[in-house]
Amino acid sequence: MNDKKFNKWFSAFILVGMTVVTCIVTAIKLSNAGGGEHLWLLLTAFGSLMGVLATVCSANGWIITFLFGFIDVTIYGISCWVNWRDGGSGLGNALLHFAYFVPMQLVGFIQWKKRGAKASSQVKARRLSPAMRWGWLGITVAATVILYIIILRFDRSAAEGFLRVAVILDVIPLVCNIIGQLLMSTAYMEQWVFWIAVNIFSICLWVSSDKSFAPVYIVKYAFYLVNSINGLRIWLNLSRKDSVLEN
């Protein structure tokens with residue numbers, strides 16, 4: 001099986017698998033949920049499906065990813081805010097999605113257009129130079145420490161002490177989301193390293209949540225994780241077409 005055919009079947013597997021599992025999980029949760037939770041379950045299920053469409057399109061370098069992404073990040077931001085409002089974690093991710101992720105969908109669309117992405121063609125991917133990779137690593141560590149101290153002041157969990165798991169699970173996806181989105185919007189291959197980290201820690205965040213719609217997001221980020229690994233593989237090939245590393 002050639003690479004193009006593999007990507008086609010893998011994308012179909014992610015889309016169909018996520019749709020089936022989301023429908024099953026949502027149906028089970030709907031049968032046990034109270035009246036006020038039905039809307040949230042349906043809304044988060046729809047947002048998750050849009051998110052999977054966005055990540056599959058992004059992994060393949062298709063510019064339509066930003067349309068599906070806009071819908072997904074808007075719904076997810078609302079869900080994180082509701083989870084935090086009710087005493088859980090998620091404030092950092094809510095602020096991230098409303099103030100950063102939503103407008104960055106437009107920024108990404110414009111930048112990908114400049115790099116040749118069209119309805120029928122993939123974006124021209126590129127790679128960070130070694131110096132830029134070390135620079136982003138330093139920024140990631142520094143931003144994680146600073147934001148942890150800030151968000152710690154808003155923590156509503158019952159945990160005590162300086163190191164709190166709920167805050168860690170909120171901060172790391174926050175930082176990786178910010179950097180991953182920036183690298184995605186500017187078409188850098190290294191974005192996928194950050195998306196893999198986002199997916200792993202987001203799974204941990206929602207596993208620790210008691211919200212009725214949490215299982216939908218656990219399934220969502222599990223599929224995201226598998227897709228992000230494949231996205232890294234695809235973008236390694238896409239960025240390899242350029243003989244010189246771009247800054």
Next on the checklist: From the helices alone, meaning DSSP H stretches of at least four residues, give me the mean residue ellipticity at 222 nm for the chain, per-run term -39500 (n - 2.57), in deg cm²/dmol to the nearest 500.
Outcome noted: -25000 deg cm²/dmol
Item to check | ³J(HN,Hα), Karplus 6.51/-1.76/1.60, whole Hz, each residue of the range 123-128, x for Gly, Pro | outcome: 6, 7, 6, 9, 10, 6
Checklist entry - What is the gain in length, in nm to one decimal, between residue 208 and residue 23 on full extension, counting 0.36 nm per residue of separation less the C-alpha to C-alpha distance? => result 64.4 nm
Checklist outcome for this item: Simple SL model, points at 7 angstrom along Cα→Cβ for residue 86 and residue 150; separation in nm is 2.7 nm
Checklist entry - Lysine pairs, Cα distance under 23 Å, 8 or more residues apart or cross-chain: how many in the range 6-240? => result 9
Next on the checklist: Multiplying the sequence separation of residue 98 and residue 74 by 0.36 nm and subtracting their Cα-Cα distance, what value in nm do you get?
Outcome noted: 8.0 nm
Checklist outcome for this item: Fewest-first ordering of 57, 176 by Cβ atoms within 10 Å yields 57, 176
Checklist entry - At residue 120 and residue 67, where each label point lies 7 Å from the Cα along Cα→Cβ, what is the point-to-point distance in nanometres? => result 1.7 nm
Checklist outcome for this item: With +1 at each Lys and Arg Cβ and -1 at each Asp and Glu Cβ, the charge dipole magnitude of the chain around its Cα centre, to the nearest 20 debye, comes out at 940 debye
Checklist entry - Rounded to the nearest 0.05, what FRET efficiency do residue 9 and residue 31 have when you use their Cβ-Cβ distance and R0 = 35 Å? => result 0.60
Item to check | Under Karplus coefficients 6.51, -1.76 and 1.60, residue-wise ³J(HN,Hα) of the range 219-224 in Hz, glycine/proline x | outcome: 5, 4, 6, 5, 5, 4
Checklist entry - Stokes-Einstein D for the range 6-240 at 20 °C, 1.002 mPa s, Kirkwood Rh over Cα pairs, in µm²/s? => result 118 µm²/s
Checklist entry - Angle, helix 65-85 long axis vs. longest principal axis of the chain, Cα atoms, 0 to 90°, nearest 10? => result 20 degrees
Item to check | Options 236, 142, 219, ranked by Cα towards positive dipole end of the range 6-240, top entry (Cβ charges) | outcome: 236
Item to check | Contour minus Cα-Cα distance for residue 16 and residue 229 (0.36 nm per residue) | outcome: 74.9 nm
Checklist outcome for this item: In whole Hz, the Karplus estimates of ³J(HN,Hα) for the range 17-23 (6.51, -1.76, 1.60; θ = phi - 60°; x where Gly or Pro) are x, 5, 5, 5, 5, 4, 5
Next on the checklist: Among 117, 52, 181, whose Cα projects farthest towards the positive end of the dipole of the range 6-240, with charges put on the beta-carbon of Lys, Arg (+1) and Asp, Glu (-1)?
Outcome noted: 117
Next on the checklist: If exposed means no more than 11 neighbouring beta carbons inside 10 Å and the site is in a DSSP loop, what's the longest run of the chain without any exposed trypsin sites (Lys or Arg not before Pro)?
Outcome noted: 1-152
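None of the figures in this text is laboratory data; all of them are computed from the coordinates on show. The shown structure was predicted, so the numbers you read here are calculated from the model rather than taken from an experiment. Every residue, glycine as well, gets a Cβ built from its backbone with ideal geometry; the counts of neighbours run over all protein chains shown.
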